[in-house]
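What follows is a short report on a single structure.
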Amino acid sequence: MNKQSFLYRAYDLYVDGFRNMTLGKTLWTIIIIKLFIMFAILKVFFFPDFLSTHAEKGGEADFVATEMTERALPE
């Protein structure tokens, strides 16, 4: 890759910045751990797969449509 190209200079900027980072590495580690907890662990316990237990196979769209209309227009 040409050392004068934009992609090389941008890559070099980020690599050099992360290499010289001290506090930032710790902060990025904390951010990645928090994202893992939010998306992997909390999803399993607080957001179960509702459609697989309440809708029949292949009829998920119809189930969602009827639920939305029934909740929006209560009789």
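Translational diffusion coefficient, Stokes-Einstein: compute it for the chain using the Kirkwood radius over C-alpha pairs as Rh, at 4 °C and 1.567 mPa s, and state it as an integer in µm² s⁻¹. Provide the component values of the computation, followed by the final result.
On the way: Rh = 17.5 Å.
This corresponds to a translational diffusion coefficient of 74 µm²/s.
Modelled label positions at L51 and V64, each set 7 Å beyond Cα in the direction of Cβ, lie 0.5 nm from each other.
Placing pseudo-labels 7 Å out from each Cα toward the beta carbon at T26 and K43 gives an inter-label distance of 3.0 nm. Within the straight-line cut-off of under 23 Å between alpha carbons, the lysines reachable from K57 are K43, sequence neighbours fewer than 8 places apart in one chain being disregarded.
For region 40-49, backbone phi angles converted through the Karplus equation (6.51, -1.76, 1.60; θ = phi - 60°) give residue-by-residue couplings of 9, 7, 5, 4, 5, 8, 9, 10, x, 7 Hz, Gly and Pro being listed as x.
May I ask you to give the percent of accessible area on the chain that is carbon plus sulfur, with a probe radius of 1.4 Å?
Values: 4940 of 7270 Å².
Reported share for carbon and sulfur atoms: 68 percent.
If the cut-off is a Cα-Cα distance under 27 Å, which lysines reach K3, setting aside same-chain residues fewer than 8 apart in sequence? Excluding near neighbours in sequence, the set is K25.
The values are calculated or read from the model by the stated rules, or taken from the named source; none is laboratory data. A quick note: this is a predicted structure, and the numbers were derived from the prediction, not measured. Note that we place each Cβ from the backbone using ideal geometry, even for glycine, and neighbour counts take in every protein chain shown. All accessible areas refer to the heavy atoms of the entire protein, side chains included, with ligands and DNA or RNA removed. Shrake-Rupley method; radii C 1.70, N 1.55, O 1.52, S 1.80 Å.
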